[in-house]
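Quick notes on the structure that follows.
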Amino acid sequence: MLKRIYEIIEIADEDDKISSIYDGIMLLTIILSIIPLCFKRQNVYLYYIDRITVIIFIVDYFLRWITAKYKLEKYKTRAFIYYPFTPMAIIDLLSILPSITALNSGLKLLKLFRLIRTFRIFKFIRYSRSIQVIVNVLKKEKDVLVAVCYLALGYIIVAGLIMFQVEPESFNSLFDAIYWSTTALTTVGYGDIYPVTIFGKLVSMISSIVGIAVVALPAGVIDSVK
């Protein structure tokens, strides 16, 4: 029975109608659970939507926990202990905890209540086949993408340092310069901080061109995967 439950909740098999129905119900539940986050003021309807969806999340979490030995076979009998520390299990738990009444008062004081509830969005990763395809590509090209991330980070720091030295009067701190280089990398350019000297503008032009190339690299890597 536990193995059949595992097949229904974990294995995305299009030929298994029950599994497909379960995935559809969970996707609908995730969408409904996000609705209360779209409103500043909560009414009775939003309250019950939150409570019902959280109950479904709790049941789903419990079912995945008791069938963890099938998912984490390498841990054998220890799978029950290791499962709560897996990435998706942590996301599931963070989706549930903010709605527990005992925790609400403390989290609201820190403005974290609604923030943590947004982790429910990440539950789409488990149930959306399209997102799973992207995740698999990211895993396959992990080393290349990590190298690109290091390149982007290095670019941001170097460009920020150069601009901070070139135009110290335009940037009050190194953080401001790094903030500018980040917006330049993404080609956003908010316009709240910008260079005013000719040399600074020249650095900005070169930085923007390099930024376009750096941003385009991940897309090329992902697109190259067949």
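At a glance:
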| item | result |
| --- | --- |
| Summed side-chain charge close to ARG78 - residues other than ARG78 whose Cβ falls under 15 Å, Lys, Arg +1, Asp, Glu -1 | +3 |
| Protein-only accessible surface order, largest first, of LEU97, LEU185 at 1.4 Å | LEU97, LEU185 |
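The values are calculated or read from the model by the stated rules, or taken from the named source; none is laboratory data. Since the model is a prediction, treat every value here as computed from it, not as a measurement. FYI the Cβ positions are ideal-geometry reconstructions off the backbone, even for glycines, and counts take in every protein chain you see. When the accessible area is computed, the model is the full protein with side chains, heavy atoms only, and any ligands, DNA or RNA have been set aside. Shrake-Rupley method; radii C 1.70, N 1.55, O 1.52, S 1.80 Å.
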